[in-house]
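Q: Could you have a look at this structure, given as structure tokens, before my questions?
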Amino acid sequence: MSHHIVEVKDLHFAYPDGHKALEGVSLRITHGERVGVVGANGAGKSTLLLHLNGTLIPQSGTVRVGDFPLTRKTLPHVRRTVGMVFQDPDDQLFMPTVYDDVAFGPLNLGFPHEEVHDRVMKALETVGADHLRDRPPYRLSGGEKRAVAIATVLSMAPDILVMDEPTSNLDPRSRRQLIRLLDTFEHTLIVATHDLDMVLDLCPRTVVLKDGHVAADGPAREMLRDEPLLHACNLEKPLVLQACPVCTRV
Ligand SMILES: Nc1ncnc2c1ncn2[C@@H]1O[C@H](COP(=O)(O)OP(=O)(O)O)[C@@H](O)[C@H]1O
Ligand SMILES: [Mg+2]
């Protein structure tokens, strides 16, 4: 299924102030893979993800989603294929009610009203937010906003789900629920996060970014145990892999 492949080749990106955020990133993600993108603050995770749905267009190098290189022309195709959950839910929610926000994408794609309704209700139920449908999004709690932001993407039925720091600001229960939800997503999942325990739970593969390049790319269980690598990239072992100070104190 080549139409679900994400391929990034020698991607460079500098912000308008000249700051180089990506300096030659290459990776290839095939259909159904779950990939955790990790790295210290400023490593380039968000900048990389913003290229995967065409919020940013490559300045140098290429991004390919399925059969199409990402260009301004192929943006509509790329946006239909890749669902992007931004780091800040406020960047995703702008309609007067939750229902309208979740309906916005399918309406734009031209689906008939009945199908839009079915998609909205299914997406809201999936994230456990159907009771919020008539609420104004800006009045919701952080966790509720996050759930609705995810629903706005699920209602588009994307083949590839890209999420930037989905567990930040979530309480432990909402975090656990989100991980359970993502675990049911059958297509490709790409998650940038500081939550290395989530990566261990959810993503067999990890890409470690450092200063705008790929420092390592491989099995999460190996990468996240590799202390010299983690130290060099200013990361810490997932809690579940750290020796318990109580248990090890004999
Ligand atoms: N709008 C911007 N203008 C200038 N520099 C930026 C901008 N956004 C991000 N950067 C810089 O680009 C680098 C990569 O940022 P980012 O992709 O947000 O990293 P991460 O998501 O891994 O924390 C950082 O050094 C950051 O300061
Ligand atoms: Mg970021």
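Please treat every number below as a calculation from the coordinates, not as lab data. What you are looking at is a predicted structure, and each value in this text was computed from that prediction instead of being measured. Methodologically, a virtual Cβ is constructed for each residue, glycine included, from the backbone with ideal geometry; neighbour enumeration extends over all protein chains shown.
Q: Determine the calculated [θ] at 222 nm for the chain from helices alone, applying -39500 (n - 2.57) to every DSSP H run no shorter than 4 residues and normalising by the residue count; nearest 500 deg cm²/dmol.
A: One gets -9500 deg cm²/dmol as the mean residue ellipticity at 222 nm.
Q: Same structure again: Return the long-range amide H neighbours of LEU11 (sequence gap of 5 or more, or a different chain), with a cut-off of under 5 Å between placed amide H atoms.
A: GLY24, VAL25, SER26, THR62
Q: I would also like to ask the following. Using Cβ contacts closer than 10 Å as the measure, can you line up CYS233, CYS244, CYS203 from fewest to most?
A: The order, fewest Cβ neighbours first, is CYS244, CYS233, CYS203.
Q: Quick one: among GLY18, GLY142, GLY212, which has the greatest mean-square fluctuation in a GNM of the chain with alpha-carbon springs under 10 angstrom?
A: Checking each option, the largest mean-square fluctuation is seen for GLY18.
Q: Moving on. Rank ALA129, ALA14, ALA157 by mean-square fluctuation in a GNM of the chain with C-alpha springs under 10 angstrom and give only the top-ranked residue.
A: Most flexible of the set in this elastic network: ALA14.
Q: Could you run the Karplus curve 6.51 cos²θ - 1.76 cosθ + 1.60 with θ = phi - 60° over the stretch 212-219 and give me ³J(HN,Hα) per residue in whole Hz, x for Gly and Pro?
A: Calculated HN-Hα couplings, in order: x, 9, 7, 7, 6, 8, x, x Hz.
Q: Given contacts defined as C-alpha pairs under 8 Å and at least six residues apart, what's the relative contact order of the chain, whole-number percent?
A: Over the chain, the number comes to 25 percent.
Q: Under a Cβ-only charge scheme (Lys and Arg +1, Asp and Glu -1), can you give me the dipole magnitude of the chain about the Cα centre, in debye to the nearest 20?
A: For this selection, approximately 180 debye.
Q: What does the C-alpha gyration tensor say about the overall shape of the chain? Classify as rounded when a/c is under 1.5, otherwise prolate if a/b is larger than b/c, or oblate.
A: Verdict is oblate for the chain.
Q: Here's something else I'd like to know. Please report, in debye to the nearest 20, how large the charge dipole of the stretch 1-101 is about its Cα centre when each Lys and Arg carries +1 at its beta carbon and each Asp and Glu carries -1 there.
A: 420 debye
Q: Choose one of LEU229, ALA157, VAL25: the residue whose Cα lies farthest towards the positive end of the charge dipole of the stretch 2-241 (beta-carbon charges +1 Lys, Arg; -1 Asp, Glu; about the Cα centre).
A: VAL25
Q: Give the long-range amide H neighbours of ARG34: residues separated by 5 or more places, or on another chain, with amide H under 5 Å away, using H modelled in the peptide plane at 1.01 Å from N.
A: LEU189, ARG205
Q: Using θ = phi - 60° and the Karplus curve 6.51 cos²θ - 1.76 cosθ + 1.60, what whole-Hz ³J(HN,Hα) does each residue of the stretch 30-46 get, with Gly and Pro shown as x?
A: 9, 4, x, 6, 10, 10, x, 9, 10, x, 5, 3, x, 5, x, 4, 5
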